[in-house]
Structures are given as structure tokens and as C-alpha cells.
Amino acid sequence: MTSETDGAARRIARWQQRAGRHHLPWQGTRDPYRIWLSEIMLQQTQAATVIPYYERFLAAFPDVRALADAPADAVMHAWAGLGYYARARNLQRCAQTVRDRHGCRFPEDPEALAELPGIGPSTAAAIAAFAFGARRPILDGNVRRVLARYFAVEGDPASSAVVRRLWDHAHALLADAPPDLDMRAYTQGQMDLGAMVCTRRKPDCARCPLAADCQARLQGRQHELPSPRARRARPERDGLMLILECAGRILLRKRPPTGIWGGLWSLPQFETSAELRAACAALAPGAGAPVALAAFDHEFTHFRLRIAPWRLHCRGEPTPPAPGEAWTPVAELDRLGLPAPVARLLVGLYTATRP
Ligand code: SF4
């Protein structure tokens, strides 16, 4: 039973055992590969969204060697739609590092885990806790919110000063906890509290194991904390995309390895209509002028991309593709890891040829 006299860490662990989540597909395993995969997928993405991707990913890449050895395109395809593609690139780099430097075994030490590509200190601590029972605090986005409320920490939760204070609190909670604290339940409990009880808009303090001494609740400030992030105007960018179709094939270009949609196949993109028209003249001489389709917005974390699609049918056979280009049969578009808005655009245009 949870007692109000227990320290906060013990209360969280006991609450998790009694009322937390126990049936997520990545629970009940101590396999660091599966745990690591779930932790990376869960960064900035909710569990319900992650579950089908996680299951498909594991079916395609059942262990770290399979992922390390896979073609990059296959990894991108399995990831496509989850967003934040740097995570997918780092995922495979991390698998390759584990294969090459650690003989396909994830290190147990959280510091060594945190040196792997794409794994920060909080993710390293979570993997080490779930896989090896390590005693380290975590501080993901949900936990920041819970701790900012529990300790009534003011200030922009993304600022480094506030993050440092929250880390100090996270360490102190663990330092005060008894030596037999169940680290798996405690770590999962913090995540579950943030996802199920101390949610951003509707903290359900009546169900919360921290309610007795939560400073935000005692001060009636649950809805004020954490302080709102300093708002910055989200800049807008324009991107013109060319849908060039020739003999039932679409011209795709591989994006540079870094930057948005890095390493994914996508439509050729241009900054100005003059550039787009010049490309049409070179790629499809005599095909006439491209036709503008309805533009739409796609939101990234730091900016909004206004996508203006243009379409052109060329006659005859396609020109030989340049390096990094491919004429892809319309029926095979769904085999590639296209960026989500590009996939939606093409699905809308070619629904009849796609499942
Ligand atoms: S008591 Fe309320 S505000 Fe405080 S941690 Fe629990 S749910 Fe969040």
C-alpha cells in the first residue's frame, strides 16, 4: 500500500505497480534492444502512435544486428510517418556502433549508453533502469512537467537553468529513496504519472500519489505550472515540389543526409518557380508547362513549410536518372520511406494505384 509518509519515489513506484501501465508491448522485457527502440520511438511521440510502428519495426529488424545490417532505405521506410527523422538516422548509427564497438551487446553502464548516437542522459538512464535495474534519474518531457509541479519550479521548462534545477530535484528524489526502491517501477511510474495523471491540460490530482505534498496542488497552481514556454514566432518557408510523371513512373530524389527529411526519398524540391520550370525543361523537354496544384502547410517543430506542388506529364520514356534520383513506379511508392506530407499528396493523386 502507498502511504503518505513514504518518500515521493516510493509512492510513485508503488502507485505504478498498482495503477500504472503494464501491457505496453515493450514492457515485460529486459532486452535492451527492445527497450532502447521503444524509448527512441517514444521521444516526442505518444505510446498509442508508437505501438504499430514498434511492432512493425521489430518484425523487420528483430535484433540489433538486423537493424545495423539493414539497407538505410528499409529503415527509413519502417520509420516513415513517425517524424523527427534524425531519430531514425541515429537509430541505425547507434545499432551499427553497438555492433562494431560492443559486439552487438548494449553496454550496461548509463554513461556508456549516453555516448551512443541519439541517446541522451535521460534515455540512457531509462534503458539502464528497465534493462539492468540501474539506479539513475530520468527527465523526459513528462517528468519535467511532473517535477515542475511537484516542486513548484517556475520559469521556461525548456531553459537550461530550469532543466538544471529539475535534474537536481530528480537526483535528490532518488538520493532520498530507500535502497530497495524498485527502479523499474519507479522509472515507469514517472512516465505513467506524466502520461496518465499529471497531464498537461488536466492534472487529475485526486488520483495522484504525490498529491499530499505537491506544491502546485497545495498552492492551487497546477494549471500555471510548468510556466508557458517563451513563444517565438514560427517562421514560414516555401517549398515547390515537382510531381514529374513519365510512363507510369514518378521522379524521386534522395534528400541530403542532414536537414529535414534527411536521407528520405522525396519529390524534387525548389525554392522558386523559375528553378522549377528550368528543371522541367531539362528533365522533360517538350512536355509543356507544369500545372500548379493546391498548396498546403506542413508544420515542423521550428517552422512551417508551405508546400506548393506542381505536376507535369512527360511523353515517351523517362530520361536516365541522375545520381540520387529514381524513376519509381506509382504502384511502388508505398515501399519507400517518403516524408508524410509527400506520401499523403501522392496517395491523394494516385489512390487508385495504392492499397
Ligand atoms: S498533485 Fe496534481 S499537479 Fe501535483 S503532481 Fe500530482 S497530478 Fe500533478
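Throughout, read-outs are computed from the coordinates displayed, never taken from laboratory work. Nothing here was measured: the structure is a model prediction, and the numbers come from that model. Cβ sites come from the backbone with ideal geometry, for glycine too, and all protein chains shown count toward neighbours.
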Largest first and in whole Å, what are the equivalent-ellipsoid semi-axes of the range 236-353 based on the Cα gyration tensor, each being the root of 5 times an eigenvalue?
21, 16, 14
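For the range 38-98, what relative contact order do you get, as a whole percent, if you take Cα pairs closer than 8 Å and at least 6 residues apart? The partial results should precede the final answer.
Values: 41 pairs, mean separation 23.2, N = 61.
It comes to 38 percent, rounded to a whole number.
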If you build a Gaussian network model of the chain, linking Cα atoms that sit under 10 Å apart, which residue out of Phe130, Phe270, Phe61 swings the most?
Phe270
Whole-Hz Karplus ³J(HN,Hα) for the range 230-240, in order, using 6.51 cos²θ - 1.76 cosθ + 1.60 and θ = phi - 60°, x for Gly and Pro?
4, 7, 10, 4, 7, x, 10, 10, 10, x, 9
The range 82-161: Cα Rg divided by the 2.2 N^0.38 Å rule of thumb
1.28
Please state the relative contact order of the range 1-103 as a whole percent: Cα pairs under 8 Å, 6+ residues apart?
21 percent
Which value, in Å³ per residue, describes the convex hull spanned by the Cα atoms of the range 303-355?
126 Å³
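In Å, the Kirkwood hydrodynamic radius of the chain over pairs of distinct alpha carbons?
On the way: mean 1/r = 0.0437 Å⁻¹.
Final number for the Kirkwood radius of the chain is 22.9 Å.
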What helix-only [θ] at 222 nm does the chain give? Using -39500 (n - 2.57) per DSSP H run of at least 4, over all residues, to the nearest 500, the answer is -12500 deg cm²/dmol
Given contacts defined as C-alpha pairs under 8 Å and at least six residues apart, what's the relative contact order of the range 236-353, whole-number percent?
35 percent
Between the range 287-355 and the range 247-282, how many Å separate their Cα centres?
9 Å
Considering amide H positions built from the backbone, and no H for Pro or chain starts, which residues 5 or more places from Gly81, or on another chain, come under 5 Å of its amide H?
Ala340
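Mind giving me the FRET efficiency for Val163 and His102? R0 is 30 Å, r the Cβ-Cβ distance, nearest 0.05 is fine.
On the way: r = 29 Å, r/R0 = 0.97.
Between Val163 and His102 the formula returns 0.55.
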If every alpha-carbon in the range 228-277 counts as one equal scatterer, what log10 I(q)/I(0) does Debye give at q = 0.33 1/Å?
-1.19
Within the range 96-112, what residues put their amide N at less than 15 Å from the label point 7 Å along the Cα-to-Cβ vector of Arg135?
110
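With +1 on each Lys and Arg Cβ and -1 on each Asp and Glu Cβ, and nothing else charged, work out how big the dipole of the chain is about its Cα centre, in Debye to the nearest 20. It would help to have the intermediate numbers written out before the result.
On the way: 46 positive and 35 negative charges, 122 e Å.
Rounded to the nearest 20 debye, it is 580 debye.
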For the chain, set up a GNM with springs between Cα atoms under 10 Å and report which of Leu336, Leu276, Leu82 has the largest fluctuation.
Leu276
Give the angle, between 0 and 90 degrees and rounded to the nearest 10, that separates the Cα long axis of helix 32-42 from the longest principal axis of the Cα atoms of the chain.
70 degrees
Sort Arg145, Arg232, Arg10 so that the residue with the fewest other Cβ atoms within 10 Å of its own Cβ comes first and the one with the most comes last.
Arg232, Arg145, Arg10
I'm checking a number: the convex hull volume of the Cα atoms of the range 139-285, normalised per residue, in Å³. What is it?
191 Å³
Please work out the Kirkwood hydrodynamic radius for the range 13-158, using every pair of different C-alpha atoms, and report it in angstroms with one decimal place.
16.1 Å
In order over the range 306-321: 3J(HN,Hα) from phi, Karplus 6.51/-1.76/1.60, θ = phi - 60°, whole Hz, x for each Gly or Pro, gives 8, 9, 10, x, 10, 10, 8, 9, 10, 9, x, 8, x, 5, x, x
Tell me which residues come under 5 Å, amide H to amide H, from Asp238 once H is placed; ignore anything under 5 positions away on its chain.
Arg306
Against the longest principal axis of the chain, how steep is helix 85-102, in degrees 0 to 90 to the nearest 10, with axes from Cα atoms?
70 degrees
